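Here is the structure we will look at, set down as structure tokens.
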Amino acid sequence: MKRTIEILATIVVSLFAHAAPCLSQTQNEPKSAPAKTEALPTADEIAARCAKGSGGKEAWAKLSTLVMKGTMEIPAANLTGTVEIYTKAPNKTLRIISLANGQFVQKEAFDGQGGWKSDPQSGLKRLEGAELEEAKTDSAFDTDVRMKELYPDMKVTGRTKVGDRDAFIVLTHQPGGKAVTLYFDAQNGVRIAEDSEAPDENGKMQKISTFFEDYRTLGGVQVPYRVRGEAPTFTFVIRIQEAQFNVPVENAMFAMPEAPPAANLKP
């Protein structure tokens, strides 16, 4: 579920990397901290703490769907809009971003086997290759209790501060080899930040830092109701206003739509 929100961050980067430059990144960005003498936990220990902190495997096993709706702000581009996320166990996801009163709408989905996305610039497109493999991993319903399964190369590399929270730094890779740095709260184990990369409008990779905040208990598990993103050219904030587990979600929602006659359907 949380990984679904992270992908929204990547979508925003790819759509709006041309936004006007904003102020420098905030002081809450993960910073290097002085090394401490005590031994670091292992990757297995970090994964176990994350699973427990997020609610535990038993709690997640009782959940089958999650529907989230909220708002998004991109101050540097003076844009506001809405976010909708539909997820269904074990691995179906649909994400919809609508900005500027519906002038920019991007959708991305994985139906359990195949994936697709659509936006005003590229039209409707099937996901293939590394992009499809990433979508498979990203669509896991219960990522936080399956960290080592989904990211088997997790490596604990140090400690740092994320805002006022002590955190452990974990380096891992997505399918295709793209590096991702995860930050886990040293006290309760939950994932509180991530550093990843996404292409700008020229195809150049740029860093994006994502912060998971305002955790609340819902359905016996922990859900972040506020997500902040920081890229070199802009920041954004997602605020979840509605979230419901175990509501009906039809499989047809995740299916790739028929391309209109004039649409640019790319292989």
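Before moving on, here are some points about what is shown:
- Most positive-pole-ward Cα, Ile208, Thr160, Asn188, against dipole of segment 71-216 from beta carbon charges: Asn188
- Phi angles across segment 213-224 convert, under the Karplus curve 6.51 cos²θ - 1.76 cosθ + 1.60 with θ = phi - 60°, into 3J(HN,Hα) values of 9, 6, 5, 9, 7, 9, x, x, 10, 9, 10, x Hz, Gly and Pro given as x.
- Phi angles of segment 70-77 translate, via the Karplus equation with coefficients 6.51, -1.76, 1.60 and θ = phi - 60°, into HN-Hα couplings of x, 10, 9, 10, 10, x, 4, 9 Hz per residue; Gly and Pro are given as x.
- Cleavage-rule hits, GluC sites (Glu not before Pro), segment 32-101, DSSP coil, Cβ neighbours within 10 Å at most 15: Glu38
- Applying both filters, DSSP loop and at most 13 other Cβ atoms within 10 Å, to the chymotrypsin sites (Phe, Trp or Tyr not before Pro) of segment 56-164 eliminates every site.
- Nearest-0.05 FRET efficiency for Asn188 and Ala255, computed from C-beta distance (R0 45 Å): 0.75
- Qualifying trypsin sites (Lys or Arg not before Pro) in segment 151-227, where qualification requires a DSSP coil assignment and no more than 15 other C-beta atoms within 10 Å, comprise Lys178, Lys204.
- Karplus-derived HN-Hα couplings along segment 49-57 (A = 6.51, B = -1.76, C = 1.60, θ = phi - 60°), whole Hz, x at Gly and Pro: 5, 5, 4, 5, x, 7, x, x, 4
- Residue separation of Val237 and Lys204 scaled by 0.36 nm, minus their Cα-Cα distance, works out to 9.6 nm of gained length.
- Close amide-amide hydrogen proximity is noted between Gly112 and Thr93, each under 5 Å apart and 5 or more residues distant or on a separate chain (H modeled in the peptide plane; Pro and chain starts excluded).
Just so you know, all these numbers are worked out from the coordinates, no wet-lab data involved. No experiment lies behind these values; they were computed from the predicted model shown. When we count neighbours, we look across all protein chains shown, and the Cβ atoms used for this are built from the backbone with ideal geometry, even at glycine.
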